[in-house]
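Enquirer: This structure is in C-alpha cells; I'll ask about it shortly.
The values are calculated or read from the model by the stated rules, or taken from the named source; none is laboratory data. Given the structure is predicted, the values throughout are model-derived calculations rather than measurements. With ideal geometry, Cβ positions are generated from the backbone for all residues, glycine too; neighbour counts draw on all protein chains shown.
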Amino acid sequence: MQTAFGRKRTKKGRREKIQVRAERKSVVKVIKKQAILWGLMGLLAMGCGCARQEGLGEAESILESTTSVSEGTSRASEGTGTGVTKAEALKSSEEESTASTEAPEENQEYTIVMVGDVLLHTPVEESCRQEDGSYNYDSLFAHTKDVISEADLALVNQEVIIGGAELGISGYPCFNADFSLCDSLVEAGFDVICHATNHALDKGRAGLLSCAKHWKESYPQITVLGIHDTKDTSTAYGADPVILEVGDIRIAVLNYTYGTNGIALPADMPFGVDLLKEAQVEADIRRAEEIADFTIVCPHWGTEYRLVPDASQEKWTKLFLENGADLVLGTHPHVIEPVEWVRDEETGHEMLVYYSLGNFVNWTSGTGKGVANRMVGGMAEVTIGRLDTGEVKVTSYGIRPLVSHVTSGAEGVTAYFWEDYSEKLAAENEIVFQDSDFSREYCVDLCDQVWGNLWRTDNK
C-alpha cells in the first residue's frame, strides 16, 4: 500500500493518467485479440496445406505496435482497423479465446486530505488586507497549497461565514470574511468546503444567503456542505447526500454542526444549517451507504480547547459507526485530538476517527498562558481503495502536523507543515508574546502527547 505522504501529483495530472491508462488497456486488449485471430487464421491455413506466413507476420507487427501505443502514437488504431474487419467471421470464437486471458483491471487508490478550522480572528483578517482596502487570503495557504492540490479529494473546515464586504468584515465573536477568501480556497486546491459550524449564522440570514449565492455563482464546481439557501439541497427535505465520484469510487460526504451559538435558524429557512440531530443523521448515513461506496462524516463537535474527546463525541461516534460510516473528520475544539479506529462488535464494521484536526490557521484572541496549543493543527491524510471483494476501504492513513505562524504586517499569517517549520521561524512567531511556552519543541511534545507515534509513521 502506498501512503498519502509525499505524493506529487496534480488532480489534473491524475485524471489524465487514469484516462491514458484506461485507453492504453483498451487498445492493448484489441491488439491481443488481433494477434490471437491472426494466429488462428495462420493455423487454419496450415491445416489446409497453405501456410500463411504473411498473416503471422502481420500479427507480430501488431504486437510490436504496443510500444508505440504506450507512447501516445496513433499507429495502434491504424494497425487494428483492417484486423477488425478480417475478424468478423471468427468474432465469436475469438471472444471466447480471449475472455480467460485478459488481465484484471488494476485497482486504483485515491488520497483524501482535510485540514481544520480556517479561523479568521481580526489580526488574521488584517494580515490579508491590501493597501487599497481589498482582501487577498492567498498568503494563508502559500506553504501548503501544493500538497492540498495534489490530493484526489481535499476538504477544509471553513469556520467563519463568507458573507462579503457589504456585511462588514469582522473577527470574534461574530465573524465574516470577504468573498476573495473563496478565490484563495479554490486556488489552494480545496474541492469541498464544510460550512456547518457554530459561526454559520454570525451574520444571520443575510450572511448565509450571501455566502451560498457567491459559491454557486462563482464556483459551481466546488462542493459546499452544511448550509443551504433552498430546501432542495437539504436531506431533511428529501435530497440525497452529496456524492462525489473519485475515479471509480463514489464517496458520500456529510457535514453537521452541534449548534450555531444560540442564534436561531430563520423562521423561513429551517433547512439553512445542517445540525447534529440523531434521526436525520441516522437516515442520512443509511442512505449514503445505499448509494455510495464510502461514507465520510465531518462533524463540528466537542469541547473547545480540550485535547481528548468528550462524552458527546463518544456518543456521536457510536451512532456514526452503527449506521455504517467509514471515516470521521472532526473539527471545532481548536486544538488537536486523537486519531483512532473504532469497531462495531456486533457487525465487525470498522471506522477511522479523527476527533479534531485543530486550527488550520489562527491568531487566537486569547491571552496569557495556555494558548500555545491552539497554534498546532493537523492535516488528515487517508488513502482509500477498492478491494478484490469490491468493498472500498482505508488502505493507509496518517496525520501531518501544521503550525500557525503569526507575525505583524501584511501577509504575516500563514500555515506551515511542521517539517518545514524551523527553529528560526518558531522564535519569530509572535504567539510567544502571549504564551512563552510556544516553541518548535513544544509543538513536537504536543503532537507526541495527542497522536503518539502516528504522526511519525506511515500506517499501511
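Enquirer: Determine which member of the set Glu282, Glu290 is touching a residue at least 24 places away in the same chain (Cβ under 8 Å) and in a helix (DSSP H, G or I).
Expert: Only one candidate passes the filter, namely Glu282.
Enquirer: Could you grab me the full set of residues in the range 343-401 that are of a type in the set (S, T, N, Q) and out of contact with any Pro (no Cβ under 7 Å at 6 or more places or on another chain)?
Expert: Thr347, Asn359, Asn362, Thr364, Ser365, Thr367, Asn373, Thr383, Thr389, Thr395, Ser396
Enquirer: Next up: Of all residues in the range 342-356, which are part of a loop (DSSP other than H, G, I, E, B) and either among the basic types (Lys, Arg) or touching a residue at least 40 places away in the same chain (Cβ under 8 Å) (or both)?
Expert: If the condition is that a residue be part of a loop (DSSP other than H, G, I, E, B) and either among the basic types (Lys, Arg) or touching a residue at least 40 places away in the same chain (Cβ under 8 Å) (or both), then Tyr355, Ser356 are the ones that fit.
Enquirer: Can you give me the ranges of the helices (runs of 4 or more DSSP H) entirely in the range 134-247 with at least 1 residues that are more than 25 Å from Thr383 (Cα to Cα) and of a type in the set (Gly, Ala, Ser)? Full working, then the answer.
Expert: Working: elements: 145-150, 180-188, 204-218.
Hits in the range 134-247: 180-188, 204-218.
Enquirer: Follow-up. Could you check how many residues of the range 277-307 are within 23 Å of Val371 (Cα to Cα) and surrounded by 14 or more Cβ atoms within 10 Å (Cβ to Cβ)?
Expert: From the range 277-307, those within 23 Å of Val371 (Cα to Cα) are 300-307; that's our starting set.
Subsequent filtering for residues that are surrounded by 14 or more Cβ atoms within 10 Å (Cβ to Cβ) retains 300-303, 305-307.
Residues meeting the conditions: 7.
Enquirer: Could I ask something else about it? Just the residues that are of a type outside the set (Gly, Ala, Ser) and within 17 Å of Val113 (Cα to Cα), please, taken from the range 393-418.
Expert: Correct list: Lys393, Val394, Thr395, Tyr397, Ile399, Arg400, Pro401, Leu402, Val403, Tyr416, Phe417, Trp418.
Enquirer: Scan the range 248-259 residue by residue and report those that are small (Gly, Ala, Ser) and either closer than 26 Å to Glu109 by Cβ or not in a loop (DSSP other than H, G, I, E, B) (or both). Before the answer, list the steps.
Expert: Here is the first cut: in the range 248-259, the residues small (Gly, Ala, Ser) are 252, 259.
Residue satisfying the conditions is Ala252 alone.
Enquirer: Residues Glu131, Glu126: which one is in a helix (DSSP H, G or I) and at pLDDT 95 or above?
Expert: The match here is Glu126.
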